[in-house]
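Report on the structure given below.
The values are calculated or read from the model by the stated rules, or taken from the named source; none is laboratory data. In this text the structure is predicted, and so the values were computed from the model without any measurement. Reconstructed Cβ throughout: ideal geometry from the backbone, glycine too, with neighbour counts over all protein chains shown. Areas reflect the complete protein model, heavy atoms only, side chains present, ligands, DNA and RNA absent. Shrake-Rupley method; radii C 1.70, N 1.55, O 1.52, S 1.80 Å.
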Amino acid sequence: MSAVAPAPFITVEKVNKHFGPHHVLRDVSTTFNAGEVAVIIGASGSGKSTLLRMLNRLEKHDSGRIVVDGIEVSDDAKQLDALRAEVGMVFQQFNLFPHLTVLENVALAPRRVRGLARAEAEARAHELLERVGLKAHTHKHPFQLSGGQQQRVAIARSLAMRPKVLLFDEPTSALDPEMVKEVLDVMKQLATTGMTMLVVTHEMGFAREVADRVIFIDHGQVAADAPPEQFFGAQDNERIRSFIGQVTR
């Protein structure tokens, strides 16, 4: 008798989203499994970042259903707290607290939200900052760091909450080109640990090398969903071929 396949970690069912008259997402349905690295790509305005932000209720969906690890995504305060304890997010802008040191930025949420003692929270922060290559910068303030270093602090800060899934919303788009690699290297290392990662990005090299799946969103709909070797291989979709050609020039 065959084993029953585990339920998807994230389920998106017939989700719609409007911004005024603009129908941003149209009946989007997909699933994501635990331990999976999914890269979401598409043209600006296609709805990819909106989809990501709806997974932790930073944007509300108008209709349809989103479930993350058995938690229905809604405005229910208790469920929202439970959801955000499991879902970490790394943004385009680093959103670090400028008046706090690097160590304090990483240790703050575990103390405030998880109730960790200062010593335990700071020990966790030290461990994570070493992991992202910033052990020597713990007592600096964000303004003393490069953009790439600040984004690595932001990743450590998200990991400090020990989330079950990490969402990355174009994490390298605000960086100078020479700083992109250092952030992508941290993300690649993280992917090897089995962390569930959903990444909105234009970094096609990262998608080819690290992703389990590449999802292409076009005009608010999932136009393709395939392993990278298939997605970047003999692609018969002219719209996708054109997009890949533009972002890899």
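Can you tell me the mean projection area, over all orientations, of the convex hull of region 132-249's alpha carbons? Units nm², please.
8.5
When the convex hull of the C-alpha atoms of the chain is computed, what volume per residue in Å³ does it have?
Taking only Cα atoms, the chain has a hull volume of 157 Å³ per residue.
In what sequence, highest mean first, do 58-68, 163-173 appear when ranked by Cβ atoms within 10 angstrom?
The packing order, highest mean first, is 163-173, 58-68.
May I ask you to evaluate 6.51 cos²θ - 1.76 cosθ + 1.60, the Karplus curve with θ = phi - 60°, for each residue of region 37-46 and list the ³J(HN,Hα) values in order in whole Hz, giving x for glycine and proline?
Values per residue, Gly and Pro as x: 10, 10, 9, 10, 10, x, 5, 4, x, 6 Hz.
Applying a 10 Å radius around every beta-carbon, put 141-148, 8-15, 195-202 in order of their mean neighbour count, most first.
Ranking, from highest mean packing down: 195-202, 8-15, 141-148.
Amide H of residue 9 versus every other amide H placed in the peptide plane: which residues, excluding those fewer than 5 positions away on the same chain, fall under 5 Å?
Under 5 Å from the amide H of residue 9: 32, 33, 34.
Please compare each pair in 14/60; 48/78; 48/181; 140/164; 135/188 to a cut-off of 21 Å on the Cα-Cα distance and tell me which ones are over it.
Among 14/60; 48/78; 48/181; 140/164; 135/188, the Cα-Cα distance tops 21 Å for 48/78; 48/181; 140/164.
Send over the per residue convex hull volume for region 48-164, Cα only, as a whole number of Å³.
Residue-normalised Cα hull volume stands at 113 Å³.
Toward the positive end of the charge dipole of the chain, about the Cα centre and with charges on Cβ (Lys, Arg +1; Asp, Glu -1), which of 89, 99, 148 goes farthest?
99
Using Cα atoms only, what is the angle between the long axis of helix 177-191 and the major principal axis of the chain, expressed in degrees (0 to 90) to the nearest 10?
90
After finding the eigenvalues of the alpha carbon gyration tensor for region 159-225, what semi-axes result from the square roots of 5 times each, listed largest first in whole Å?
Rounded to whole Å, the semi-axes are 20, 16, 12.
Give me the net charge of residue 45's neighbourhood, meaning all other residues with Cβ under 15 Å from the Cβ of residue 45; Lys, Arg count +1, Asp, Glu -1.
For residues surrounding residue 45, the net value is +1.
Measure off, as a whole percent, the carbon and sulfur share of the 1.4 Å-probe accessible area of the chain, all protein chains present.
Result for the chain: 50 percent of the exposed heavy-atom area is carbon or sulfur.
Amide H of residue 235: which non-local residues (sequence gap of 5 or more, or other chain) have their own amide H closer than 5 Å, using H built in the peptide plane?
Those qualifying (amide H under 5 Å, at least 5 residues apart or on another chain) number zero.
Using θ = phi - 60° and the Karplus form 6.51 cos²θ - 1.76 cosθ + 1.60, what ³J(HN,Hα) does each residue of region 59-66 get, whole Hz, x for Gly and Pro?
After applying 6.51 cos²θ - 1.76 cosθ + 1.60, I find 10, 8, 7, 7, 8, x, 9, 10 Hz.
Provide the convex hull volume over Cα atoms per residue for region 1-104, in Å³.
Expressed per residue, the convex hull around the Cα atoms of region 1-104 is 173 Å³.
Across region 119-132, in residue order, what do the Karplus-derived ³J(HN,Hα) couplings come to in whole Hz, using 6.51 cos²θ - 1.76 cosθ + 1.60 with θ = phi - 60° and x for Gly and Pro?
Computed from phi, the couplings for region 119-132 are 4, 5, 5, 6, 5, 5, 5, 4, 4, 6, 5, 5, 4, 9 Hz.
Per residue of the chain, what 222 nm ellipticity follows from adding -39500 (n - 2.57) for every DSSP H run with n ≥ 4, rounded to the nearest 500?
-11000 deg cm²/dmol
Could you provide, to the nearest whole Å², the per residue accessible area of the chain with probe 1.4 Å?
48
Considering only C-alpha atoms, what is the centroid distance from region 142-214 to region 63-102, in Å?
Rounded to whole Å, the Cα centres lie 17 Å apart.
Per 5 Å bin from zero, what fraction in whole % of the C-alpha pairs of region 124-187 is there, up to the bin with the longest pair?
Bins of 5 Å from zero give 3, 18, 31, 26, 17, 5, 0 percent of pairs.
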